[in-house]
Each structure stands twice: as structure tokens, then as C-alpha cells.
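Notes for the one structure printed next.
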Amino acid sequence: MITPPTPDNENERQRALDATGLLSRDSEARFDRLTRLARQLFSVPIALVSLIDQERQWFKSRQGLDAEETPRNLSFCGHAILSSSPLIVENALEDPRFAANPLVTDAPKIRFYAGAPLHTVDGYRIGTLCLIDTRPKTFSTEQIDMLVDLAATAEELIQVDEISQQTYLSLESELRFSRERLSKLVAQLPGTLYQFRRFPDGQMTFPFSSPQIQQLYGITPVQAAEDATPAFERIHPDDLGAISASIEHSASTLADWNATFRVARHENDYRWITGQAKPERLIDGSTLWHGYLQDIHEQELVRLAMTQSETRLRGLFDFSPIGIALNDMVTGQFIDLNNALILPTGYTRDEFVSLSYWDVTPIEYQPEEEKALLSLKSTGRYGPFEKEYIRKDGSRYPVRLQGMLSQEQDGRQVIWSLIEDITERRKLDKLKDQFIATVSHELRPPLTSIKGSLGLLSGGAAGALPSKAQALLSTAERNAQRLFVLINDLLDMEKLVAGKMPMNLRVQPVAPLLDEVIESMWGYSAQYQVSILTPAEWPRVQVKIDAPRLAQALTNLLSNAIKFSPQGEAVEVSVTPYADTIEISVCDHGPGIDPIFRAQLFQRFSQADGSDTRKLPGTGLGLAISQEICKQMGGEVGYRDAVGGGADFFIVLPREAS
């Protein structure tokens, strides 16, 4: 007897056999049908599907043989798998390979053997479909071909299994990889992915939940899959009713579930959570939601604070005594407005909102409006300036406007405006101006007479006076002079506001005027022991001005700077030319201007120290007069804090070509 040699690729062949999974299953009907057919077709007592394992020959299907396996070293099939061609043994007693084989000499006394090898997809021979007879037998070519065809059928069954097994293993590997990848991705989410199921009997579970559910509800995914009740126990009592109602509604209508609620992390430590889920009805009548939960505590606190702030601002908006409006930058359409704006117009809210900004603005104010729009585009703000609004009945009333440019979330540009009805203020200003004009005109003649008489007495026209009388006379003369300056300032202010002060504008260099004004102030500055610093040379620039009026404005600024400078300090005067303007700066190193007082700087009779005991004299009209003078020359007066402390007043004037 010759033992079957081991194939060169035995290890690979064995792995291929194991991979088919055939060894792990008992006999199967599909192979049994083939062996029954082979037994009948070839008229043999024994037909087998044999698989060659490491140490055995195992019969996947057998007909006419009781044994389930035999040792591999005795097997005929061990020889058959050495070639892809069928192995035909017509008389085993005459074949030296098998004559002494116990399977030949003893039961089942094999004499005839015909085996066709079975191949895997990759070509490995793992077994045979074989026929056995106890009598010698010859096999025709036709019969051999029939055996090969029948073996091919068995081989196809094996290969189908093999492909299915490989596909299954591949899918299982991919599924495992996908699960691992999904688990890693889910673990990185800021919230919790979940499935929530409610059964018809009211039982609730989380069939699936990502690991974050433990941080959210204090239960593991395994615990959540068993019972969802502990999660509901952590919901704030004030929110629990609304959550239950929303779940009930979603279950009955199959509408998407959305909710924002509070969940306890620790005792009395609640955090805001938001959730969304899509429901589906299952065949058993239960409802399954697929959703996502996320901690939005910080965002919700910000939202609540913003809501509260918006409510407060809305209250201020609605109850403000000054009109407030929101307009579209492009169309001028009113978007929103408060009652204080509507009240003087005679329109209803619906009527006013349907109007454009231009519907209530007289045409003659178009230049002012264009300036405001230009200021909005360049600086984001406009005003304040005064104009008139048109009422529903066609009459007009004065308003004071100022505003700022803003941008909505959709990118649309809008204008917020404060619109103050100044009808009453205008009436008061008119009465005040009339009173001041009357007083100043009525006081000036007698005051001139008094001032002249005091001058005569002081000059000795009535003879020598006692020293005490002379002191009293000097005080009276000094106060008369102050009163005279005040009346002159009042008259100047009245003329400027009324537009009655003539302005003789002429293009001229600014340097000679500055030298003249500064020279006229040397005596005044010496009185306060303050010097005036100027550059070595003034810039060569020209302006269109009324020289005496600009000198008056500069004198006001210089006298204020000198008056408020500490002894020994200097007032600095400089000129800075720009492309279209020049700036004349008068800078001191005194106490500066209190920020609270700055809004009133250029109002008439405004003084930082308005008490009767103030140390420095003044009428409170100088800056107002200077501002009016400069405005009528196309410029303005401004203020800023001086570098290093102090006040820096400056005049901006249009620059003329040299």
C-alpha cells in the first residue's frame, strides 16, 4: 500500500477547505441528492462526497456506507486530489497503491474506485465525488465524462457556499469596521444620538443611545435600553408636563418632535437641553423615534438674556418721549416707529408705516438730507440737524434729527433715527430771544450813560474823591464794563441767529490775521502770566472769511485758553492744512473740559462753573458766538482733549486754492 503523498500546497489547500465552512456542518440534502443520483446512474453500491481534512477523509454525503470518515492515509481520495483529472481504479487488487489497503482487504472490500476532484474558487482540490464498487469494473469515456459533469455540479455547490461565506465574512468585516467608525464618530458628537421607543402599554426604552446619554441622564446605554424612566425623572418638574404632551402629540400625529427643556445634572443644578426626533409607527403599535439631544445651556442663557434685553429696549422704544424710527436705507420706507413719533403727525400707525421718509420731508430740505446720507455712508452717523415734518393735514412742525446706520441679519442696511418734536422749544427760544433783544436794547442807552459818567468821575471831572469812594467807583466801573460786554455779546448773538450780522467774505491768507490776533492778546496773556507759542512759520494757506469776525472767534478761544491756563504755562496755536480744509488749533494745559459738560459746550450761557461764586469771569456766550460765526463762514468749532491734559479747541474752515 502506498500512502497518499501530501500536496505541495497543503497548507493553502487546508485553509481553503476550512474557509468553505463545509466541515462545520453535517450532511446536507443538496449533496445527498447528488450522491443518490450518482449511485443510481452508475449502478454502484457506494457514492460519496469526500473532503480531505488534515488527518481524515470526511464524508459530507454518503450513500451505501455507514462510516462517517476514514483515516486520510488509507483514502483513495487522498490520491485523487493530487490531480485535476479523475482517478479511475478498475481493480484495486491489481493496483500496487491499493492492493494491501485495509479498505481493500477488509470491509468494505473496495475493488472499483472512480473519483473526480472538487475544486474551490481559487482552484484548490479539497475532495472528490467518488463511486465505489465491491467488484472490478471498467469505465467508459462517456461514463467518465458523466462523472466529471456530476462532480462539476457538486463543485458549483461548494463554490457557491465559498463565495457566500467569503461575501459574508467580507460584509461582516465591513460592518464591524463601519460600527467601529460610527462609534468613534458618535463619540465625538457634542450631543446624544438615540432611538426612543414607547410601547402600547406605556413602557419606554432607548433601544439605541450613544455613550453621551450617561452624561446627559446619568444612565448607561445598556440601562437606557432596558428602561427610559430614570431619564424622565431628571427633567425639571416645570418642563415635564410639556415634554409628555409633546411626545403624545408626536406619537398620535407622527409629526416631528422638537423640544427645549431642563435636565438635572446634580441636585438643583439644571441645564438646558434641546431635542429633535422623527417618529415611525412599528407593526406592534409602538412608536419609535430617531433623534438627537444636545446641551445648549450657555446658548439658551444668552437667548433668554437677549429676550429680556429686547423686552426692556422695546419698553424704552415704545414709551420714549422722543420719536424713534427705523427706515430702510435704500427706499426710505418706515419699518418701525414709536408712538412719540406718530402723535404730532395726525397719521395712524398703519398710515405712517406705509409712508416713505421722503413723504414727510419738505422738498426744500433735500440738500440737508443729502448731507445726512453722505455722512451716514462715510461715518455711519448723521446729525443732529433741524428741519420740518409735514403733518397729515399739510401743516408743518419743526423736528431735530440724529441717527446711525445699522445692518440687519439679512444684510439690509437700515437707519435708526431720534426725531424730537421741538415745537415748544422753538416757542421758548423765540420768547427768550425777544426778551434778550428787548432787555439789551433797553439797557444799552442808560448803561452807556452810566459807564460814561463813571468814567468822568474816575477821571476827576468832579474833583478828587476820597480813597474809599475811589475804590467803590473802580468796582462800579469794572462791573459796568462787564455788563457792557455782555450786552454787546447778546446783540451779536441775536444778529447771528437771526442772520442779520453781515458777513463780508473775502479770500485771504490766514497768517496775517493770526499774527494780528495773537499780538492783540499779549497784554491779556501777560496779565495771567501765560505765554502764547506759535510755529516759526505759518503754513501758506488761504481761506474765504470775514476777517474781523474770524478774529472775534479766535479772540474768544484764546482768551478762554489763557484764562484757564496755570501761571507759567503756554497756550499753543497751530495751523494744520488738509486737502480741502484747514484746522486752527488753540491748545492749553489747564484742567480741560468735564466730559459731562461737553454736550453743552456750544450752547448759549453755558459755563462749566455756573455758580455765583465762580473764580473766572465770563458771559457763557463766547463759544456759542464763535460757533455761529464759523458756521456762517462754512466751518465749525470743535473740541478734543489735549495730549498730556488740557483743552484743545479748533476751528475748521474750507480751504481756498492758493
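The values are calculated or read from the model by the stated rules, or taken from the named source; none is laboratory data. Remember, predicted model here, so these are calculated numbers, not experimental data. Every residue, glycine among them, receives a Cβ derived from its backbone with ideal geometry; neighbour counts consider all protein chains shown. Keep in mind that these areas ignore ligands, DNA and RNA; they rest on the heavy atoms of the full protein, side chains included. Shrake-Rupley method; radii C 1.70, N 1.55, O 1.52, S 1.80 Å.
Structural descriptor for region 211-355: relative contact order 12 percent, calculated from alpha carbon pairs under 8 angstrom and at least 6 residues apart. Once C-alpha pairs closer than 8 Å and six or more residues apart are averaged by separation and normalised to the residue number of region 163-263, the relative contact order reads 16 percent. Pairs to check: 432/544; 60/109; 432/563; 427/563; 184/278; 377/430. Give those whose C-alpha atoms are more than 31 Å from each other in this structure. As for pairs spanning more than 31 Å Cα to Cα, those are 432/544; 427/563; 377/430.
Centre-to-centre, using Cα atoms only, region 218-259 and region 330-379 are separated by 52 Å.
Can you give me the orientation-averaged projected area of the convex hull built on the Cα atoms of the chain, in nm²?
62.0
Note on region 1-50 and region 387-409: Cα centroid distance 101 Å, given to the nearest whole angstrom.
Cβ-Cβ distance of residue 581 and residue 511, R₀ of 22 Å, FRET efficiency by 1/(1 + (r/R0)^6): the value works out to about 0.85.
Given 4 °C and 1.567 mPa s, how large is the Stokes-Einstein diffusion coefficient of region 1-90 in µm²/s, with Rh as the Kirkwood radius over Cα pairs?
Estimated via Stokes-Einstein, D reaches 92 µm²/s.
Here the spin labels are modelled as points 7 Å beyond Cα on the Cα-Cβ line, and at residue 164 and residue 542 they lie 10.7 nm apart. Between the helical axis of 237-253 and the dominant principal axis of the chain, each derived from Cα atoms, what acute angle in degrees is found, rounded to the nearest 10? Computed tilt is about 60 degrees. Here residue 292 and residue 358 are evaluated by their C-beta separation; at R0 = 45 Å the FRET efficiency comes out at 0.35. Protection proxy ranking of 466-473, 117-124, by the mean of other Cβ atoms within 10 Å over each peptide's residues and highest first, is 117-124, 466-473.
Compute the acute angle (0 to 90°) between the alpha-carbon long axis of helix 547-563 and the principal axis of greatest extent of the alpha-carbon atoms of the chain; round to the nearest 10°. Once rounded, the angle reads 80 degrees.
Could you tell me the calculated FRET efficiency between residue 260 and residue 306, based on Cβ-Cβ distance and R0 = 25 angstrom, to the nearest 0.05? Rounded to the nearest 0.05, the efficiency is 0.95. Between residue 267 and residue 141, the modelled labels are 9.8 nm apart [label points 7 Å from Cα along Cα→Cβ]. In a DSSP loop and with at most 16 other Cβ atoms within 10 Å, the trypsin sites (Lys or Arg not before Pro) in region 1-77 are 25.
Heavy-atom accessible area for residue 226, with the other protein chains in place and a 1.4 Å probe, reaches approximately 130 Å².
Going highest first, how would you order 406-418, 252-264 by mean Cβ packing within 10 Å?
252-264, 406-418
Spin-label model, residue 423/residue 658: points 7 Å from Cα along the beta carbon direction are separated by 5.5 nm. Between the Cα long axis of helix 366-379 and the first principal axis of the chain there is an angle of about 50°, rounded to the nearest 10. Relative contact order for the chain: 6 percent, from Cα pairs under 8 Å spaced at least 6 residues apart, divided by residue count. Within the chain, antiparallel bridges make up roughly 95 percent of the DSSP beta bridges whose residues both belong there. Ignoring aspartates and glutamates fewer than eight residues from residue 387 along the same chain, the ones with Cα atoms less than 17 angstrom from its Cα are 359, 364, 368, 369, 370, 420, 421, 424, 429. Of the peptides 325-335, 136-146, the ranking by mean beta-carbon count within 10 Å, highest at the top, reads 325-335, 136-146.
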